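Structure, as structure tokens:
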Amino acid sequence: MNKQNHNKIILDLFAGTGAWSRDYMKAGYDVHLVTLPDFNVRTYEPPPNVYGILAAPECREFSLAKGSRPRDFAAGLELVEAAERIIRRCRLAGPLQFWCMENPVGFLRQFLGKPPLTVHYWWYGDCIDKPTDLWGYFNFPKRIYKDPPALLPNWNKIKALKGVQNQSRATVRATTPPGFAQAFFKANT
Ligand SMILES: C[S@@+](CC[C@H](N)C(=O)[O-])C[C@H]1O[C@@H](n2cnc3c(N)ncnc32)[C@H](O)[C@@H]1O
């Protein structure tokens with residue numbers, strides 16, 4: 001653990017399992033997992049001197065997977081706006097080094113605009129393909145693989161369905177994959 005990192009605060013908004021910020025935690029950063037049921041992004045008051053912010057709001061209302069079922073964009077946007085409020089407060093309060101908001105490619109870009117980067121998780125060695133939009137102020141994670149793992153038939157389905165014991169398929173699908181999380185960490189320390 002690097003002691004120099006212990007005063008660098010990382011907010012992991014909508015952290016869920018905390019997978020996105022795990023490498024920061026391992027490296028000794030002061031990681032705050034802002035996630036239900038203990039913390040609500042809607043009402044959360046950030047501490048002073050935040051170093052970086054990761055935000056993975058619920059994608060349900062923006063997801064293409066929802067097909068033609070009715071969407072409650074306003075409910076989805078309320079969470080996005082709560083995260084934006086925290087990001088702006090932190091930047092106004094100090095030199096926020098980076099922030100990033102992610103969502104699977106879907107309808108959120110109709111509200112936030114086209115993102116500066118859309119990643120495929122297999123670029124980073126994760127055997128799941130969920131094209132994901134990234135908005136924010138951050139260094140781009142360095143792509144590792146040029147080609148998808150085409151030699152493994154059904155690689156995406158297999159990984160998506162197996163996952164971690166006792167977790168629903170939806171939770172497994174929502175969990176930030178480790179290859180991407182590590183590449184993001186390396187680019188934003
Ligand atoms: C899209 S998932 C993010 C998963 C995360 N990337 C991971 O690796 O586990 C969104 C998470 O935000 C949580 N959540 C939903 N609404 C929230 C709120 N108002 N405040 C804090 N967390 C919330 C959900 O319980 C869920 O775990």
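The values are calculated or read from the model by the stated rules, or taken from the named source; none is laboratory data. What you see is a predicted model; the values in this text were computed from it and never measured. Virtual Cβ from ideal backbone geometry, glycine too; neighbours counted across all protein chains shown. Accessible surface areas use protein heavy atoms only, side chains included; no ligands, DNA or RNA. Shrake-Rupley method; radii C 1.70, N 1.55, O 1.52, S 1.80 Å.
I need the full set of residues from region 63-118 which are of a type in the set (Asp, Glu) and either open to solvent by less than 30 Å² (accessible area, probe 1.4 Å) or over 15 Å from the mean Cα position of the chain (by Cα) (or both), in order please. If the condition is that a residue be of a type in the set (Asp, Glu) and either open to solvent by less than 30 Å² (accessible area, probe 1.4 Å) or over 15 Å from the mean Cα position of the chain (by Cα) (or both), then Asp72, Glu78, Glu81, Glu102 are the ones that fit. Looking at the structure I just gave you, is Trp122 more than 13 Å from the ligand (Cβ to nearest atom), touching a helix residue (DSSP H, G or I) at 6+ places or on another chain (Cβ under 9 Å) and modelled with pLDDT under 95? So Trp122 fits the description; yes. Candidates Val50, Val34: the one that is β-branched (Val, Ile, Thr) and in contact with a helix residue (DSSP H, G or I) (Cβ under 6 Å, 6 or more places away or on another chain) is Val50.
Asp129 falls short on exactly one of the conditions (1) open to solvent by 30 Å² or more (accessible area, probe 1.4 Å); (2) outside any loop (DSSP other than H, G, I, E, B); (3) of a type in the set (Asp, Glu), and that condition is (2). Residues that are open to solvent by 100 Å² or more (accessible area, probe 1.4 Å) and either within 15 Å of the ligand (Cβ to nearest atom) or at pLDDT 85 or above (or both) within region 142-177 comprise Lys142, Arg143, Ile144, Tyr145, Lys146, Lys159, Asn166, Arg169, listed in sequence order.
Among residues that are within 13 Å of the ligand (Cβ to nearest atom), closer than 15 Å to Ile9 by Cα and not in a loop (DSSP other than H, G, I, E, B), Cys100 is included.
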